[in-house]
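Below: one structure, written as structure tokens.
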Amino acid sequence: MLIKNIQSKIYEIRNEKVMLDFDLAAMYEVETRVLNQTVKRNLDRFPEDFMFQLTMEEWNFLKSQIVTSKSNLAMSSQFVMTSKNKRPNVSIPYAFTEQGVSMLSGVLKSKKAIQVNLSIMRVFVAVRKMIVSNTAIAKKLEELETKYNKQFKDVYEALSYLMETKKVETKQSQRTKIGFKK
């Protein structure tokens, strides 16, 4: 499984890095309905910090951010035709945190699920490392800014003073001189 492919399926929702049920189902090569049924049969393994259902507002926002093809929508089982009105019945997806994805390996017992889970866990670790390194870099930049801002401020003030002195000298030389002429 390609790391970039997995990374593109990790979203930040409610300040959590999560993966959505239909993306996970596609990776595990099962229907979204089957994945969700398995989770519901083992609901005690998925507390709120492992899995939560998106609100309609979150889902609408996320849909606007994701460009999904018709095949992804069909695969995700997000749009199921109802027999009465022939309009799509939209089910709101579940979001799984890193711990929730890890717990999926315990309830989905296929070899494919184990392989996919290992890949996903590696990507989550890589993302976490990248965030930590970016945080460290940002902290270092902030330290440099505070250290050098004082020095740059002093240099700027000195340059301003010199420029003001030059302006005063120029004005002095352009003034009309009064007094005795030689």
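Bear in mind these aren't lab numbers, they're just calculated from the coordinates by the rules spelled out. Remember, it's a predicted structure, so these values are computed and weren't measured experimentally. Virtual Cβ from ideal backbone geometry, glycine too; neighbours counted across all protein chains shown.
Which of the pairs Lys4/Lys109; Lys109/Lys139; Lys9/Lys109; Lys140/Lys167; Lys4/Lys153 have their Cα atoms more than 32 Å apart in this structure?
Details: Lys4/Lys109 25 Å; Lys109/Lys139 43 Å; Lys9/Lys109 22 Å; Lys140/Lys167 39 Å; Lys4/Lys153 44 Å.
Long pairs (Cα-Cα over 32 Å): Lys109/Lys139; Lys140/Lys167; Lys4/Lys153.
If you take the beta carbon distance between Thr135 and Gln53 as r and set R0 to 41 Å, what does 1/(1 + (r/R0)^6) give as a FRET efficiency, to the nearest 0.05? Numbers along the way, then the final one.
Values: r = 30 Å, r/R0 = 0.73.
The pair Thr135/Gln53 has a calculated efficiency of 0.85.
Compute the separation of the alpha-carbon centres of segment 19-57 and segment 116-182 and state it in Å as a whole number.
Centre-to-centre (Cα) distance: 49 Å.
If amide H atoms are built 1.01 Å from N in the plane of the peptide, which residues on other chains or at least 5 residues away come under 5 Å of the amide H of Ile13?
Excluding prolines and chain starts, which carry no amide H, the hits are Val18.
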